[in-house]
Amino acid sequence: MAQKSNLPIVFSPFSANNPAYLIFASFVGYDRLSRILPTFLWDRMRVMIPGWEFRDKHTVMTRLGPNFIIVTPKDNNYIIADPDVVNEILVRKTGFGRPDIAARM
């Protein structure tokens, strides 16, 4: 499904919601991981650390574009930073799963 979207894909061997990974990432720390990991691994892991959007600002979006998919063994996460795409998703009544809070808007 991710390949059919024609969006850039970031592959990760684990989900960002994996408790073991969350403990590891918080213990080791974002800055330390960025220094010790090779670039090809860090580029995949940086978007798996909670709060990466605030730390990296536009760095990831500059490299991958405003919309991309993070593919893990557990799920696919669509990262959308294009306001027109977000509006289209929220306007459609069907075709996209919506959280309860978005349905109330």
Problem set entry | Filter result (within 15 Å of the chain's Cα centre (by Cα), touching a residue at least 12 places away in the same chain (Cβ under 8 Å) and not in a loop (DSSP other than H, G, I, E, B)) within region 24-51 | 43, 44, 45, 46, 47, 48
Exercise. Considering region 12-23 alone, what residues qualify as being within 16 Å of residue 44 (Cα to Cα) and either over 15 Å from the mean Cα position of the chain (by Cα) or in a helix (DSSP H, G or I) (or both)?
Worked result: 21, 22
Problem set entry | Subset of region 9-57 [surrounded by fewer than 16 Cβ atoms within 10 Å (Cβ to Cβ) and in contact with a strand residue (DSSP E or B) (Cβ under 7 Å, 6 or more places away or on another chain)] | 9, 11, 44
Seminar exercise, completed: Checked pairs for region 76-95, first touching a residue at least 40 places away in the same chain (Cβ under 8 Å), second of a type in the set (Asp, Glu) and surrounded by 10 or more Cβ atoms within 10 Å (Cβ to Cβ), C-beta under 6 Å and 6 or more apart or across chains, list as none
For this session: Please work out if residue 67 is polar (S, T, N, Q), closer than 28 Å to residue 88 by Cβ and either at pLDDT 85 or above or more than 10 Å from the chain's Cα centre (by Cα) (or both).
Result: yes
Exercise. Residue 72 passes all but one of (1) of a type in the set (Ser, Thr, Tyr); (2) modelled with pLDDT of 80 or more; (3) farther than 30 Å from residue 40 by Cα; which number fails?
Worked result: (3)
Problem set entry | Verdict on residue 82 being at pLDDT 85 or above and acidic (Asp, Glu) | yes
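The values are calculated or read from the model by the stated rules, or taken from the named source; none is laboratory data. Quantities reported herein were computed from a predicted structural model and do not represent experimental measurements. As a convention, Cβ positions derive from the backbone with ideal geometry for all residues, glycine included, and neighbour counts pool all protein chains shown.
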